[in-house]
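Only one structure is covered here, and it is reproduced in the block below.
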Ligand SMILES: [Zn+2]
Ligand SMILES: [Zn+2]
């Protein structure tokens, strides 16, 4: 029989087994699918990385429904590992899941806890922000404060504050003109542009 090429479209390598080249045949043996990718692209987003590794649905705490157990590698405590683009490569899978499906994790000392007590679970409905020390209790308490645009006295949204700072820094518009336009006191614009007010972004609702 003459040499044939791999039957996967676009693959020019020589056929080895079942009409596939060694690489596609190996993928078939390992994953049951010759087209299954074995490495996530370095440019993949967090959502793509989570989907790439995937999870298994398992009921551990019936009152909470399904746990989504991470299929990828785990650390010694049973938490899943994934990776992220950018300088910090490793990322705990449940933290990645929280960031992707719930929102940013606001403070480094704040941990993401499992309501289901199942470390490899990445079901966002089972993940809550928590504290692992008194320090992080304080951090959480600070985060619960309705600051910024959520403060009762706030007249400007975060977007407006950013806009005011950008426009003033770009020049060509006075603080008084901005004050008139946004309906606030001139002193308020002055404090905003000097970062004496609204220094930190609005806390997320947690
Ligand atoms: Zn091939
Ligand atoms: Zn769970």
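FYI, it's all coordinate maths here, none of it is from the lab. Just so it is clear, the model here is predicted, and its values are computed rather than measured. Don't worry about glycine lacking a Cβ; one is built from the backbone with ideal geometry, like all the others, and counts go over all protein chains shown.
As a proxy for reagent exposure, ranking 192, 178, 91 by other Cβ atoms within 10 Å from fewest up yields 91, 178, 192. Taking every C-alpha pair closer than 8 Å and separated by at least 6 residues, the mean separation divided by the residue count of the chain gives a relative contact order of 11 percent.
Going from the fewest other Cβ atoms within 10 Å to the most, the residues 55, 70, 185 appear in the order 185, 55, 70.
The C-alpha atoms of the chain define a longest principal axis, and helix 22-31 lies at about 70 degrees to it. Sorting 46, 37 from the fewest to the most surrounding beta carbons within 10 angstrom yields 37, 46. Each stretch of four or more DSSP H residues adds -39500 (n - 2.57); spread over every residue of the chain, this sum gives -9500 deg cm²/dmol at 222 nm.
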